[in-house]
1. Could you give every pair whose Cβ atoms fall below 6 Å, whose first residue belongs to segment 21-39 and is touching a residue at least 24 places away in the same chain (Cβ under 8 Å), and whose second residue is of a type in the set (S, T, N, Q), counting only separations of at least 6 or pairs across chains?
2. Has segment 64-78 got any residue that is closer than 28 Å to N178 by Cβ, of a type in the set (D, E) and modelled with pLDDT under 95?
3. Which pairs turn up if I take residues in segment 76-99 that are free of Cβ contacts under 8 Å to residues at least 12 places away in the same chain and look for partners that are open to solvent by less than 70 Å² (accessible area, probe 1.4 Å) with beta carbon separation below 8 Å, at least 6 apart in sequence or on another chain?
4. For segment 19-40, which residues satisfy the criterion of being more than 11 Å from V97 (Cβ to Cβ) and among the polar types (S, T, N, Q)?
5. Are there any pairs with C-beta distances below 6 angstrom linking a residue in segment 186-215 that is surrounded by 10 or more Cβ atoms within 10 Å (Cβ to Cβ) to a residue that is at pLDDT 90 or above, with the two at least 6 apart or on different chains, and if so which?
6. I'm told Y84 meets every condition in (1) in a helix (DSSP H, G or I); (2) more than 13 Å from the chain's Cα centre (by Cα) except one. Can you identify the failing condition by its number?
7. With the structure loaded, tell me whether Y105 is open to solvent by 70 Å² or more (accessible area, probe 1.4 Å), in contact (Cβ under 8 Å) with a residue 40 or more places away in the chain and among the aromatic types (F, W, Y) or whether it fails that test.
Amino acid sequence: VRWYMITNSQPWDNLKFDINGVIEVKQKLFSTLYNIYSFFSLYANIDGFCFSEKEVNNRPTLDCWILSEINTLISNVDDAYHDYEPTVAGRLIQNFVIEKLSNWYVRLCRRRFWKGDYSLDKISAYQTLYHCLIIISKLSAPIAPFFMDKLFIDLNRTVNLEDCDSVHLSRFPLKNNNLINSVLEKKMKLTKEICSLALSLRKKEGIRVRQPLSS
């Protein structure tokens, strides 16, 4: 207290705050996460999904990949928090939500949710996306307490898999080494890079994404 009196400064003078940065995070992370949840809840309500089925064991490759990625994320975010690096943790979460969960998993799995029959493949997609969303809510709760608590409560209201009323009363997720497949993660990363290069070539040549190629 005496130091502030002597220097005649305010305790927040040296804090870095950029309103443009806040807007960017809102548009990139929170809006994307909200859209994923809206997509999930829309079709889950239509099909009456409430996680009453047993966990699907033989999941499709995409499900295995995203579950591997999110368990790797749990480990990396946990390390960042232990090192008192919330910014690093936030960037790891944002990259997962945007680049892996939204731009890749959800985009490639849309038809699985659209299908009319309530098949094992569809159930696996619901269970996998639910796991990803609930884990994200727990990982992000220390740095986005209000949004993630709302997300957690809305997810758990129907399925009731969590025995607590708030994300802040839940246990921090523990990584499941049995679900981590580093080889699959590397293969999917290579696949994404190839697709990205193909899209870049289309853009360079002025060929629309949905326009078929003769070769």
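The values are calculated or read from the model by the stated rules, or taken from the named source; none is laboratory data. Note that the structure is predicted; figures quoted are calculated from it, not measured. Cβ: placed from backbone, ideal geometry, glycine included. Neighbour counts: every protein chain shown. Just so you know, the surface numbers come from the protein's heavy atoms only, side chains and all, with ligands and any DNA or RNA stripped out. Shrake-Rupley method; radii C 1.70, N 1.55, O 1.52, S 1.80 Å.
1. L29/Q94; T32/S102; I36/S102
2. no
3. V88/A80
4. N20, Q27, S38
5. M188/W65
6. Here Y84 meets the rest and fails (1).
7. no
Conditions (1) among the basic types (K, R); (2) under 23 Å from F147 (Cβ atoms), marked per residue:
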site	(1), (2)
Y43	no, yes
F51	no, yes
N57	no, no
E69	no, yes
N76	no, yes
D83	no, no
K100	yes, yes
R112	yes, no
Y118	no, no
